[in-house]
1. Please compute the modelled spin-label separation between residue 320 and residue 180, points set 7 Å along Cα→Cβ, answer in nm with one decimal.
2. At 7 Å along the Cα-to-beta-carbon direction for both residue 274 and residue 40, put a label point, then send me their distance in nm to one decimal.
């Protein structure tokens, strides 16, 4: 039993506190998240639902003498005590719990509880690396709008290349395979080493060969798994997980640290050098050149920081589904007597552009090096 009042705070407690206020006071809804980085992400989503009737407070769960972080701290203890409810929700990274579809205790808990909201993508890092938004991040970092690298094409080809192994990885977790192909095994299998815009095409080609080799190994280890493998593959498609968007569902730290950031740093360095050459060429005299270069240098941003604050994912299907889940929750709980439904549902209205991506393994796979673009200056 908790020794402090804060150990006993539940949705009912928050609801009772709300009722103690005036009738005109807004309803307070506490949203617990996993880590400091998650606060900004979930705040940016929840803000749109605040009005004269309700507001959200995004917090890290605290217990005993320290702050707790991670999914277990954010939800499992609250679930065990019945803590979450219409006035207290948990907002977490999906990790593999969405793709596992109830195969583990954690997955079943998250998908079945209407007061737990997840990111659909593996983590917020995946959302921050949403491919259509990456050029804008480069512009924010360098103040140079020249498009040097096709991030959308690269991540689509990267995704379709790793999709067969991703299916095996999910298959292993759903079926509790005796010789499990773990997330760590999967990540090691898709490592691409040092990436640059110049070697991106060659890296994808090599990745395809390694994936094909690993798939053959897994097929030999599990000769009777063909039907169950195809079943998992079809299930993932029904969940809205397209081969060209696999990058949204792999380990977020790997995608962020090992794939996107290294590429973006090299692209941004090229854009900065280009802008500096433009300034030097256009300057009338040396003093103007020094002043302009100093001013530009102080305006150049950090790739990591800009990515962490990237909100370009608001146009993604994953974001739309998070918003839809929250709308359903708020509509269902506007009447305290109504119990909300869980939000483990398959997408029903994928846009034409999204569904069309399933027609071929890669719409961008043309010739090497297809990711380097001509300048727009």
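1. With each label placed 7 Å out from Cα toward Cβ, I get 3.5 nm.
2. 2.6 nm
The numbers here are math on the coordinates, done by the rules we state, and not lab data. This structure is a prediction, so every number in the text was calculated from the model and none was measured. No Cβ is skipped: glycine too gets one built from the backbone with ideal geometry, and neighbour counts run over all protein chains shown.
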